[in-house]
Every structure is written in structure tokens, then in C-alpha cells.
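Accompanying notes for the structure given below.
The values are calculated or read from the model by the stated rules, or taken from the named source; none is laboratory data. Given the structure is predicted, the values throughout are model-derived calculations rather than measurements. Every residue, glycine as well, gets a Cβ built from its backbone with ideal geometry; the counts of neighbours run over all protein chains shown. Ligands, DNA and RNA are stripped out before the accessible areas are found, and what is left, the full protein with its side chains, is counted by its heavy atoms. Shrake-Rupley method; radii C 1.70, N 1.55, O 1.52, S 1.80 Å.
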Amino acid sequence: MGKNLTPRNEDYSKWYNELVVQADLAENSAVRGCMVIKPYGYAIWEKMQAQLDKRFKETGHQNAYFPLFVPKSLFEAEEKNAEGFAKECAVVTHYRLKTDENNPGKLIVDPEAKLEEELVVRPTSEAIIWNTYKGWIQSYRDLPLLINQWANVVRWEMRTRLFLRTAEFLWQEGHTAHATREEALAETEQMNNIYAEFVENFMAIPVIKGAKTESERFAGAVETYCIEALMQDGKALQAGTSHFLGQNFAEAFDVKFTSKEGKQEYVWATSWGVSTRLMGALIMTHSDDKGLVLPPNLAPIQVVIVPIYRNDEQFNAISEEAKLLTEELRAVGISVKFDGRDTHKPGWKFAQYELQGVPLRIAIGPKDLENGTVELARRDTLTKEFVKREDVVAKAKGLMTEIQDTLLKKALDFRNDHITEVDDFKEFKKVLKNKGGFISAHWDGTTETEDRIKEYTKATIRCIPFNGKKEEGICVLTGKPSSQRVLFAKAY
């Protein structure tokens, strides 16, 4: 086992970094700013993928794959998009290495192998996808085109943190084409709702749905919808975005279709995505000073069985019982691990599975066999109880739902307790410093005021909530008229 984690209230950032590594989720790699996602961390991501992929396909989307490299001329075709990502791009300029004659055994870039046109390593795929769609879309019969891809992207971050911000990360990106503005807007809203439902029901993280301000929109989008979550340290985290792209990319790449009326029209577009940043949200929403706390719906191991014994005879008897129990639990859809390793003591194993967030631990010893009981330990509440052997499966199945619901309620209570209505800037700064969380305040609607508030406080407008109060008021900074409160917060 690793050393004890730094307490959250002592250094939240250090706690997070230690937890990601010690819980065997990920680690830094030999490549600057890039991470290795370890098997346990990847198993959680796979469960996220499976659930999201199911939802995408249920709503008519298909998976495809597009190139990692984007020719610079294509990338710069949509000016706002290119400008928005230009400073984060990794660029391929040569296609060959050669032996360094002055340093035997070393390689150098071959100056004779310069590419005719530089290739951008995709920071997002709109350019290559819309160039492709030009050949796929001819008529209204080809619409809607509903495509998703699971891929990696590169955004050259200078300050990185595992899962939250890395130079390379995994994600999915949907790119759809529609005949009408109304269809595209409906798609944008639908996908934002799918993200919200998944994050709340599977990750047990409550989110606020809303629209981004103009300055916070995706580069090249007409509207950006989002889901915003609140972490334990009072900072917000953008958990997913869905963009209405209007006809910007269709015009940039000349993607037209013949309408039912026989007219040539530009298609309407959307794009939407979530990434391995969701892993960071999962960790920071639920976990504690002992380690990860995982909702059962996403836990790679939902139940671990640990034998407690003194000799081979006891171990063999307990193992037989554990084998039967494992089969019974798996029969009702619960994932189970029996840890029969003789290289570590039960106490070490208990601490390991607490660190890795396994929702339910079952301990079986010789007395349990005699008494026909087992000990159940919940990871979320750290409570223990003895349960009759014949009741274990039903109890465990019930606890999967109960733990999931308990985690969501706890996170929801925290989030609701950390939404504060503020009407003057002095109070705004006070709440931000002492309490954190979301600040619900009036804003005059200008980018200038938004920028000034960010400059003064480092807080940004996380979203204009869809269910926010439609009330008249005055801007928290300028005193100018405002028609609605928006949500401010410091954010990851």
C-alpha cells in the first residue's frame, strides 16, 4: 500500500494527485504532459464508454473513425475554429528521421523530408469531418447524418493534471448534419440532456444544464450548451458540452444539399463531446481521505470478498463458500472479486479496496462459516454489519441501488448548499473567498463586464441556467439592467 493520502482540507490538489496515482488509475508518462491510464482507471472509463455508446446508438447515431492528422489548409478553413485552437496545436512538419553522422546511434530530423503542407494533430475533428461530409451529403435524403467517433485528441497544455488537463486525452465527439435549423437545435439539446442523464444516473453527480456566454462558447459555434458540476473544493467543472454550429462549417467546407423543393442549401450542424475529464469529476465529487468512492453503476468491482483464515484448512473451506457466493452474486448481475492472495494480510486488503473505492466488501472467517453469517462493509458510509448467509445476495443487490442513491443525494445536498444568491460585488467576493461554489448573480450581458469580473476574482460565468430565474435585476458589478441571474464560479 502507498502512504496515507494528504487530507483534503490540508491540500486538495495534492490529495487529488496522490489519489489518482495510489488508487492505480493513471500516472504521468515519459511524454511531457501525457498520461498512462492504468487498467483499473481504464476499466472505469470503459464502463462510461459503454453506457454513453448505448445512448448514442439508441438515438440513431453511428460510430465512425476519422484521421488523426488534419492538413493545415483544412484546419484554417473555418477561421474562428482555427483561431480558437491555434495556440494549442501540435504540428507535424517532417516525415522521416535519419542517423546523425556526428553522434553514432542517435537520430535527427531529415531536413530533406519536409512535408509540402504541415499536418495538425487533431485538437478537435470538425475540419477533417466536414471536408469528408462534403462527399457524403448531396440530397435531403442523406440527412440527418448522425456520426460519433471515439478517439484521442491533442491540445498542447502547458500546465497539466492527470485526467483534468493533459496534452493528449480520450473522448468522444459527435458531428451531425441536418436539413433545418430547428432539427440541429433539437439535436444539440438532446445530446446535452443525454450527458446530464448519464452523469446524474451513472456517475451520481448532479449537474446544472445551461448555455455558455459568447466568450465561453466553442470556437466556431453559434450556441454552446453545457452541464456544470460542483466539486468538493467548491470549484466548478464543465462535464460536457453540446454545440449548435449553425451553417458555419457547412459554408467553410461548401457542404450543400438539394432540398425537397430542389433548392441548393447549406446544411445545419452540431458537435458534442465528453472526455476522460469525467474521471476527474468522478474522483472529486465522491472520494474521501481514505481514497476513491465509486458509485456501483461505474465500479469495475462492485463486491470484493476477503477471506480471513489461519491455516490451509480454513482457507479451503472459506474459498468453497466464497466460490458459491461469487456465482450467486454474478447471477444477479453484480461484479465480484474473490481476493484469495496469500501474499497480503486481510488488513492490507481492506485498506487497498477502500483506496480503490470498491462499493461493498464481504469478509468471511471461520466463525462466519460456523454461524452462517458474513460481514458486509460499505465504502460510502464506512459502516459494517453482519448478515445471514442466505440473505447476502438480496442485501448486496439492494445496497447497490442504495449506495448509488446515497452518493447522488450527498452530492446534490452539497451542490444545493453551495449555490448562493448575491446582489452586490462586495458580497460576491466574500462568498467566493469564504464559501466557494456557484454564485447566482445578475450580469448585464456584456463581455466587458464578464472579463472584468474574471480579472478581479478569477471567477467565470459557468452557464446561463436553463431553469434559472427570469427576473429583472441589476448587474452585480456595473449596476446596469439584467433580465436573469447567471452562475459564476472558479473552475477547473
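Using r as the Cβ-Cβ distance of residue 24 and residue 339, and R0 as 25 Å, what FRET efficiency do you calculate, to the nearest 0.05?
Numbers: r = 15 Å, r/R0 = 0.58.
With a Förster radius of 25 Å, E is 0.95.
Taking the simple approach of a point 7 Å from Cα along Cα-to-Cβ for both residue 458 and residue 435, what is their distance in nm? Modelled inter-label distance: 2.0 nm. Site pair residue 102 and residue 69 shows an inter-label distance of 2.8 nm when each label is modelled 7 Å from Cα along Cα→Cβ.
Annotation: amide H-H contacts under 5 Å for residue 420 (H modelled 1.01 Å from N, sequence separation of 5 or more, or interchain): 438, 439, 440. Go ahead and collect, in residue order, the members of region 25-52 whose backbone nitrogen is under 11 Å from a label point 7 Å along the Cα-Cβ direction of residue 109. Under cut-off, by backbone N: nothing. Placing +1 on the Cβ of every Lys and Arg and -1 on the Cβ of every Asp and Glu, with nothing else charged, gives region 13-146 a dipole about its Cα centre of roughly 420 debye. Applying the Karplus relation 6.51 cos²θ - 1.76 cosθ + 1.60 with θ = phi - 60° to region 197-207 yields 3J(HN,Hα) values of 4, 5, 5, 6, 7, 9, 8, 6, 10, x, 10 Hz, where x marks Gly and Pro.
Using DSSP to define loop residues, name the trypsin sites (Lys or Arg not before Pro) in region 222-315 whose beta-carbon has at most 14 other beta-carbon atoms within 10 Å. Present the calculation step by step, with values, prior to reporting the outcome.
Numbers: sites: 235, 256, 260, 263, 277, 290, 310; in loops: 235, 260, 263, 290, 310.
Hits after loop and neighbour filter: 260, 263, 310.
When shorter helices are ignored and each DSSP H run of at least 4 residues is given -39500 (n - 2.57), the per-residue value for the chain at 222 nm works out to -11000 deg cm²/dmol. Heavy-atom accessible surface of the chain, averaged per residue, reaches 47 Å², computed with a 1.4 Å probe. Maximal additional length on extending the residue 117-residue 451 stretch stands at 116.5 nm, based on 0.36 nm per residue less the C-alpha distance. Placing R0 at 56 angstrom, the Cβ-Cβ distance between residue 316 and residue 405 gives a FRET efficiency of 0.90 after rounding to 0.05. Taking packing as the residue-averaged number of other Cβ atoms within 10 angstrom, the listed peptides 37-49, 347-359, 314-326 run from highest to lowest as 347-359, 37-49, 314-326.
State the percentage of accessible surface on region 368-428 attributable to carbon and sulfur atoms; use a 1.4 Å probe and exclude ligands, DNA and RNA. Let's see the in-between values first.
Numbers: 1790 of 3510 Å².
Carbon-and-sulfur percentage of accessible area, whole number: 51.
Which order do the peptides 457-466, 80-89 take when ranked by the mean count of other beta-carbon atoms within 10 Å per residue, highest first? Please list the in-between numbers first.
On the way: 457-466: 19.7, 80-89: 16.5.
Listed from highest to lowest mean packing, they are 457-466, 80-89.
When each of the peptides 397-403, 240-246 is scored by how many other beta carbons lie within 10 Å of its residues on average, the order from highest to lowest is 240-246, 397-403. Cβ-Cβ distance of residue 424 and residue 467, R₀ of 22 Å, FRET efficiency by 1/(1 + (r/R0)^6): the value works out to about 0.35. Coordinate range of the alpha-carbon atoms in region 348-492 per principal axis, descending: 75, 31, 20 Å. Across q = 0.14, 0.19 Å⁻¹, region 187-243 modelled as identical point scatterers on its alpha-carbon atoms has Debye log10 I(q)/I(0) values of -0.36, -0.64, in the order of the q list.
Put simply, the amide H of residue 90, placed in the peptide plane, has neighbours under 5 Å in 121, 156, leaving out anything fewer than 5 places away on its chain. Treating the chain as a set of equal point scatterers at the Cα positions, no solvent, please give the Debye-formula log₁₀ I(q)/I(0) at q = 0.07 Å⁻¹. Calculated log10 I(q)/I(0) at the listed q: -0.47. Each principal axis of the Cα atoms in region 329-371 has its own extent, and those three values, largest first, are 30, 29, 15 angstrom.
Can you flag which of 87/209; 430/470; 3/490; 290/349; 433/454; 134/256 are past 19 Å Cα-Cα? As for pairs spanning more than 19 Å Cα to Cα, those are 87/209; 430/470; 3/490. Take the Cα of residue 90, step 7 Å toward its Cβ, do the same at residue 58, and the gap between the two points is 3.5 nm. Near the amide H of residue 169, within less than 5 Å, lie the amide hydrogens of 153, 155, all on another chain or at least 5 residues away, with H placed in the peptide plane.
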